[in-house]
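A.B. asks: Here you go, one structure.
The values are calculated or read from the model by the stated rules, or taken from the named source; none is laboratory data. Worth saying up front: this structure is predicted, and the values here are computed from it rather than measured. Counting neighbours? That spans all protein chains shown, and the Cβs are built from the backbone with ideal geometry, glycine included. The area values use the complete protein model at the heavy-atom level, side chains included, leaving out ligands, DNA and RNA. Shrake-Rupley method; radii C 1.70, N 1.55, O 1.52, S 1.80 Å.
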Amino acid sequence: MKVRTENIHISSEGKTDIIDITHRASTLLEQSELSNGTVTFFASGSTAGITTIEYEPGLIQDIPLAFEKIAPMGQHYYHNATWGDGNGYSHVRAALLGASLVVPFKDGRMLLGTWQQIVVIDFDNRARQRDIVMQIMGE
Amino acid sequence: MKVRTENIHISSEGKTDIIDITHRASTLLEQSELSNGTVTFFASGSTAGITTIEYEPGLIQDIPLAFEKIAPMGQHYYHNATWGDGNGYSHVRAALLGASLVVPFKDGRMLLGTWQQIVVIDFDNRARQRDIVMQIMGE
Amino acid sequence: MKVRTENIHISSEGKTDIIDITHRASTLLEQSELSNGTVTFFASGSTAGITTIEYEPGLIQDIPLAFEKIAPMGQHYYHNATWGDGNGYSHVRAALLGASLVVPFKDGRMLLGTWQQIVVIDFDNRARQRDIVMQIMGE
């Protein structure tokens, strides 16, 4: 059993930008030469989250609209009073979505559905450079 | 340390159908003969998610109502314009809930609460046959 | 590769009380003397969840308000008809947030962001004593 800890660098526009990291994750998994185990994706930061979606142009519009309903950008947030950085909504959205995703792999391949991609959603209110942790554990 | 990758087959009605897989998961864990580690549950697909609930008839009604509020079935979704399959709301709900759940086990038993069951929520807008990945990693 | 299963005891006020467990988790990880792997946090129970946030006084107010919008306390829940314990909203909130969080660690340190804390959110409608499972797997 081995552990490989990698980073996937993303450049995001923020504002609920949705970034597909599936291809880079698959390449890193191949390079690890491990066959069976889990991949843990983790967003180190409190304004981004990770999930899976069918990455297509319609949902790229629908998902931000759903988050706008849950935690609207223009609403009052106590967080903004603390820091004055105006991204209270970003923190609330990220807390709800969650920072970790675990994907099992078998025979060197992540067990994703055909139309299922791994995405980072960057909720911050500005463009960001981020490193997403990808940790592969297996044999 | 060993890895066992299993499937749990479910027949769902879709439309936020909630299916309890705890019993089958416990049986597969027993058969693995592993004592300590984690079980990763993963929905391979972008219209279902996994979580834990107290599986009782009241919540089986309450949880779909909560999702109906978050991402209503009858609303406009850009996803539907892309594919015309009318399940935009299913994708949005699944992305929010998340495709993975990790449950630790000790002495051969998952560390669930007494009133806590592992459930798959199938958000698709039609009946589906699905395989849920259950991967056991431990010693 | 080793597995260590620990408990983190919390005393909560319930009612979407948010409790920072980062410090105790870091101490337990140090004591494990493991260097690389994953930590799985799991809430054994169906009225609490786990996520990460920037733990600061503003968000401690904002996050309960967001959950109040998603699953209001005063609304009708079928769960309450089943048990009469009045915590239907707690169950719905916990199901949405999720019971598990997985945090990778490297060189003996969890790969959290600088302003990112691990929190338990206790949604129950009364004060509770709880044990959160912290399972460390690594080498």
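A.B. asks: Tally the residues that are open to solvent by 20 Å² or more (accessible area, probe 1.4 Å) and either touching a Ser or Thr at 6+ places or on another chain (Cβ under 9 Å) or of a type in the set (Ser, Thr, Tyr) (or both), restricting the search to the stretch B:1-21.
C.D. replies: The first filter runs over the stretch B:1-21 and keeps only residues open to solvent by 20 Å² or more (accessible area, probe 1.4 Å), leaving B:1-2, B:4-7, B:9, B:11, B:13, B:15, B:17, B:19-20.
Subset that is either touching a Ser or Thr at 6+ places or on another chain (Cβ under 9 Å) or of a type in the set (Ser, Thr, Tyr) (or both): B:2, B:4-6, B:11, B:15, B:19.
Adding up the residues that qualify gives 7.
A.B. asks: If the Cβ limit is 8 Å and pairs must be 6+ apart or interchain, which residue in the stretch A:1-17 that is at the interface with another protein chain (Cβ under 9 Å from one of its Cβ atoms) pairs with which residue that is assigned to a strand (DSSP E or B) and surrounded by fewer than 17 Cβ atoms within 10 Å (Cβ to Cβ)?
C.D. replies: Hits for this filter: A:5/C:106.
A.B. asks: Can you report the number of residues in the stretch A:97-134 which are hydrophobic (A, V, I, L, M, F, W, C) and free of Cβ contacts under 8 Å to residues at least 40 places away in the same chain? Talk me through it step by step, then tell me what you get.
C.D. replies: First pass over the stretch A:97-134, keeping only residues hydrophobic (A, V, I, L, M, F, W, C): A:97, A:99, A:101-103, A:105, A:110-112, A:115, A:118-121, A:123, A:127, A:132-134.
Okay, now just the ones that are also free of Cβ contacts under 8 Å to residues at least 40 places away in the same chain, so A:111.
Matching residues across the stretch A:97-134 total 1.
A.B. asks: Of all residues in the stretch B:35-83, which are crowded, with 24+ Cβ neighbours inside 10 Å, in contact (Cβ under 8 Å) with a residue 60 or more places away in the chain, farther than 22 Å from residue A:37 by Cα and at the interface with chain C (Cβ under 10 Å from one of its Cβ atoms)?
C.D. replies: Within the stretch B:35-83, B:52, B:53 meet the criteria.
A.B. asks: Would you mind stating whether residue C:138 is over 16 Å from the mean Cα position of the chain (by Cα) and open to solvent by 10 Å² or more (accessible area, probe 1.4 Å)? Let's see the steps before the verdict.
C.D. replies: On the way: over 16 Å from the mean Cα position of the chain (by Cα): yes; open to solvent by 10 Å² or more (accessible area, probe 1.4 Å): no.
Here the answer is no, as residue C:138 does not meet what is asked.
A.B. asks: Sticking with this one: Which numbered condition in (1) more than 11 Å from the chain's Cα centre (by Cα); (2) over 14 Å from residue C:109 (Cα atoms); (3) hydrophobic (A, V, I, L, M, F, W, C) is the only one that residue C:48 fails?
C.D. replies: (1)
A.B. asks: To continue, here is another question. Within the stretch A:28-83, track down each residue that is touching a Lys or Arg at 6+ places or on another chain (Cβ under 9 Å) and among the β-branched types (Val, Ile, Thr).
C.D. replies: Result: A:47, A:70.
A.B. asks: Within the stretch B:99-122, which residues are of a type outside the set (Val, Ile, Thr) and within 10 Å of the chain's Cα centre (by Cα)?
C.D. replies: If we filter the stretch B:99-122 for residues that are of a type outside the set (Val, Ile, Thr), which is where we start, we get B:99-101, B:104-113, B:115-117, B:122.
Correct list: B:99, B:100, B:101, B:122.
A.B. asks: Can you work out which of the residues in the stretch C:22-34 that are more than 18 Å from residue A:100 (Cβ to Cβ) and under 14 Å from the mean Cα position of the chain (by Cα) is most open to solvent (accessible area, probe 1.4 Å)?
C.D. replies: In this case the residue turns out to be C:23.
A.B. asks: Within the stretch C:84-125, take every residue that is more than 10 Å from chain B (Cβ to nearest Cβ), open to solvent by 10 Å² or more (accessible area, probe 1.4 Å) and touching a Gly at 6+ places or on another chain (Cβ under 7 Å) and give me the one that is nearest to residue B:51 (Cα to Cα).
C.D. replies: Here the residue is C:125.
A.B. asks: So which residues in the stretch A:126-139 are more than 9 Å from chain B (Cβ to nearest Cβ) and hydrophobic (A, V, I, L, M, F, W, C), if there are any at all? Can you show your working first?
C.D. replies: Of the stretch A:126-139, the ones more than 9 Å from chain B (Cβ to nearest Cβ) are A:126-136.
Hits for the stretch A:126-139 are A:127, A:132, A:133, A:134, A:136.
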